[in-house]
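Have a look at the structure below before the remarks.
The values are calculated or read from the model by the stated rules, or taken from the named source; none is laboratory data. Every value quoted in this text rests on a predicted model; they were computed, and no experiment measured them. We place every Cβ from the backbone using ideal geometry, glycine too, and count neighbours over all the protein chains shown.
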């Protein structure tokens, strides 16, 4: 979460109220346009303001004219000012490139100092062009300030071209998914900016997949763990991106700001709106000076507009584009845990093609150390009828249809751990452990002793061998997802081969060995950020796409606003004082509690505001991470408040939602003064099976 400008909460609330009234009027005036935007109709949800046109043209140039063996040395604020196009030999090392860039920056810094000193005589044609780029009225101070803004941008034309080829397979499906979720289908072009449409892309800071989700944000909408990382599944990740975009839009009110919030976080954009009293993307891009609103965030929307322009007129910029076929594929929900090679054999699918179609499955599954989870929607090439799917499932022997996830085959005893404690920890009866390890009776264990563990029960085992608490599920055949007309078995095999070749990254990225990977199966490449991401658009200081818009700041006068799940005890701990002292400062009676939205004066004698905010944010981050380790947001619904409703009853009656999650979806709602008929948004949450 970004730090916030400190100020008096009363002033902030008044300012918010004023902005809210203005925004409400604007909403009434522009309501039809917003409805059309949500419905994907004729209204253009993504304007190109004249003030931002030079920036859009800059990024079009980066995407179409300058390759990754070149780059632009430019002014980071005024993208009209391009000092030079630097060219690099392909064999030049990254270190040598950096030295050449640094030397070029020094040259132009010296030139700007000449301009600041008024030395504009005997200039070359190139130097005079740069002088004129600053305009006729540039002051010495402006030239000196420009020295610190000299920046290098690596070209992207070759990567963008590769991305256009990859996009052909996925972009239509992505646009359809976005539209079905109420998000403008133009956002289907955003992966050009994020990953060059490389579904296997990883960044140095942990973002992954087509949409470059950070783990913390991804876990709100997808499963991300050691067995399944749905960020790498372009279909699941697109559903998550649609959910996140719609969430951003509801918080900031315009699609340009929603796109910018994808990089900067909605909380930061809401602060920009409050500070500037405007939701105009051009005003915010050119005037907002937030501490973490740097080059990446300021340029994210214009880079998206440039990508959209190039994507829609690709032939104009690159000539005829090779169009790859989009082979049919479908998903089946697995009723049991199953080894991945058994699934491949059952559906007569090449294991390599299966791996390309299921990039969310992690190495532990492909190596055989773990099974494909029960309930997982396994994607297979081609289309099969229900009868064909049932027949495929019958080909899996009962001994390979497991009722629990495979675990480790051995267990190393911990200090002072008894056999009963081990059995309880792993969920296996003591007698079974004794028999499996061929003991006459339960022995006294010693630290470091290695025990053999039983395999998980299968359909071939007796119910008495189920793990503790495990219930034998029904042997229901896999559930297919509706697909186009069925193909022949030969067509299915052909589709598998096409899928493996067409969906693989097209940039010849190096393949990193994966320990334990099954022999003979292709490994998904590990692609460095420098290979796939726009070099300029690195993550901002805040984690990318931070979805918590809550302001956890403290005013200059030491006043905070109490948020969901905060108590006097917690607040006292964060401020290194006592609850009694806080009551005394705030004139609260003994035993009085504080609730959501209350203002509270802090005692910051033992800790400064920054340390307090850090501890406070850490608490909320851990609280939210724990929740999203077990749940994901699948959709949202509108709810109209009724007589007798309270925030607690609303949250309780809609899936036991956490109060903090409801407030995140409704940051402008005053839940202390709810009125019948008031509309709020509620997330629809479902549990995640982590086995």
### Message
With the condition being under 27 Å from the mean Cα position of the chain (by Cα) and either at pLDDT 95 or above or closer than 30 Å to residue 97 by Cα (or both), I'd like the helices (runs of 4 or more DSSP H) fully within segment 524-628 carrying at least 2 qualifying residues.
### Response
529-532, 609-628
### Task
Please enumerate the residues belonging to segment 23-71 that are modelled with pLDDT under 50, surrounded by 13 or more Cβ atoms within 10 Å (Cβ to Cβ) and part of a helix (DSSP H, G or I).
23, 26, 30, 33, 34, 36, 37, 38
#### Entry: Residues satisfying the stated conditions in segment 78-99, i.e. within 30 Å of the chain's Cα centre (by Cα) and surrounded by 14 or more Cβ atoms within 10 Å (Cβ to Cβ)
78, 79
#### Entry: In segment 401-424, the residues that are closer than 15 Å to residue 450 by Cα, out of contact with any helix residue (DSSP H, G or I) (no Cβ under 8 Å at 6 or more places or on another chain) and in contact (Cβ under 8 Å) with a residue 40 or more places away in the chain
408, 409, 410
### Task
Please tell me if residue 275 is closer than 22 Å to residue 169 by Cα and more than 22 Å from the chain's Cα centre (by Cα).
no
### Query
Do you know which residues across segment 211-234 are part of a loop (DSSP other than H, G, I, E, B) and farther than 20 Å from residue 380 by Cβ?
211, 212, 214, 219, 220, 221, 222, 225, 226
### Task
Look through segment 657-680, keep the residues that are part of a loop (DSSP other than H, G, I, E, B), under 17 Å from residue 270 (Cβ atoms) and touching a strand residue (DSSP E or B) at 6+ places or on another chain (Cβ under 7 Å), and return whichever of them is modelled with the highest pLDDT.
666
### Task
Taking the options 146, 104, name whichever one is buried (at least 19 other Cβ atoms within 10 Å of the Cβ), in contact with a strand residue (DSSP E or B) (Cβ under 7 Å, 6 or more places away or on another chain) and part of a helix (DSSP H, G or I).
146
### Tally of residues being in the same structural domain as residue 680 (by TED's automatic domain parsing), in contact with a strand residue (DSSP E or B) (Cβ under 9 Å, 6 or more places away or on another chain) and farther than 24 Å from residue 688 by Cα across segment 599-644
3
